[in-house]
Amino acid sequence: MKISQSFHVSQPPDVVWAFFQDVPALAECMPGASLSEDKGDGVYTGQVAIKLGPFTASFEGEATYRSDEAARTGHAEGKGFDKRGGSRSKLVMDYALTESDGETEVSVEADVQLSGPIAQFGRAGVIEETAKLLIGQFVGNLEARLATAQPQDAPDRNGSHEVKEEVADDATTAQQPPTADNAVNGLALLRMIIAGYFKRLFSAKR
């Protein structure tokens with residue numbers, strides 16, 4: 001199943017690119033994902049938890065990551081196994097960063113393969129809506145992390161400026177990256193699928 005998505009990040013490409021090279025921090029921004037070990041040479045082990053209504057799967061596996069700084073592109077491959085339910089997953093993903101008015105556009109091309117019990121949710125519409133939901137939550141977490149990491153120039157009592165770290169407000173704190181226990185919300189996904197169905201239905205009648 002091939003998926004193409006793009007999203008906007010309100011930070012310049014250099015900042016986004018630097019953050020994307022911190023794989024553990026990047027994984028913390030992805031709902032339901034956690035890393036357990038950095039094995040070196042771009043190889044990581046971890047897990048991804050997904051909940052679709054009553055169906056829950058926790059995939060444990062390994063992923064490899066490579067990047068090209070000159071082109072600002074990255075390539076990742078991973079596979080996982082759900083020990084409890086017997087489902088398997090495989091992912092091949094490429095991304096590219098481009099500048100857009102001083103900010104960043106991220107384009108993602110992915111090939112997702114599912115087998116076992118979770119394959120019953122593997123129809124194109126479900127996977128695409130899941131991807132949209134994941135990316136939306138990921139971007140929110142990413143923006144929050146990048147915002148708190150950016151220094152601010154603040155004058156001291158003598159009128160000079162010193163660099164201070166931006167303090168997150170309550171709204172930003174509430175967006176702190178989730179752990180693997182915070183799996184993809186099945187009800188939110190269901191609402192997106194229903195909304196997408198009616199949108200396509202009404203568009204077809206026009």
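The values are calculated or read from the model by the stated rules, or taken from the named source; none is laboratory data. All figures in this text were calculated on a predicted structure; none of them were measured in a lab. Cβ coordinates were reconstructed from backbone atoms using ideal geometry, including for glycine residues, and neighbour counts include every protein chain displayed.
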How do the pairs read when you match residues in the stretch 108-119 that are closer than 15 Å to A57 by Cα with residues anywhere that are basic (K, R) and surrounded by 16 or more Cβ atoms within 10 Å (Cβ to Cβ), using Cβ under 6 Å and keeping only pairs 6 or more apart or on different chains?
S115/R88; G116/R88
Is there a residue in the stretch 20-27 that is farther than 24 Å from E105 by Cβ and loosely packed, with under 15 Cβ neighbours inside 10 Å?
yes
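If I filter the stretch 92-109 for residues that are touching a helix residue (DSSP H, G or I) at 6+ places or on another chain (Cβ under 6 Å), among the aromatic types (F, W, Y) and in a strand (DSSP E or B), do I get at least one hit?
Of all residues in the stretch 92-109, those touching a helix residue (DSSP H, G or I) at 6+ places or on another chain (Cβ under 6 Å) come to 97, 99, 104.
The next check asks that each one be among the aromatic types (F, W, Y); those that pass are none.
No, the stretch 92-109 has no match at all.
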Kindly establish whether L35 is closer than 17 Å to H75 by Cβ, modelled with pLDDT of 90 or more and among the aliphatic types (A, V, I, L, M).
no
Breaking point among (1) modelled with pLDDT under 90; (2) loosely packed, with under 15 Cβ neighbours inside 10 Å; (3) not β-branched (V, I, T), for D68
(1)
Quick test of your reading of the structure: E105 fulfils all but one of (1) farther than 15 Å from I135 by Cα; (2) of a type outside the set (K, R); (3) touching a strand residue (DSSP E or B) at 6+ places or on another chain (Cβ under 8 Å). Name the failing condition by number.
(1)
Return a yes/no flag: does the stretch 73-83 have any residue that is surrounded by fewer than 19 Cβ atoms within 10 Å (Cβ to Cβ), within 22 Å of T148 (Cβ to Cβ) and of a type outside the set (F, W, Y).
no
Is there any pair linking a residue in the stretch 89-101 that is crowded, with 17+ Cβ neighbours inside 10 Å to one that is of a type outside the set (S, T, N, Q) and not in a strand (DSSP E or B), with Cβ under 7 Å and at least six apart or on different chains, and which?
L97/P13; L97/V16; L97/W17; L97/R72
Failed criterion for L35 (all others in (1) touching a residue at least 40 places away in the same chain (Cβ under 8 Å); (2) surrounded by 14 or more Cβ atoms within 10 Å (Cβ to Cβ) hold)
(1)
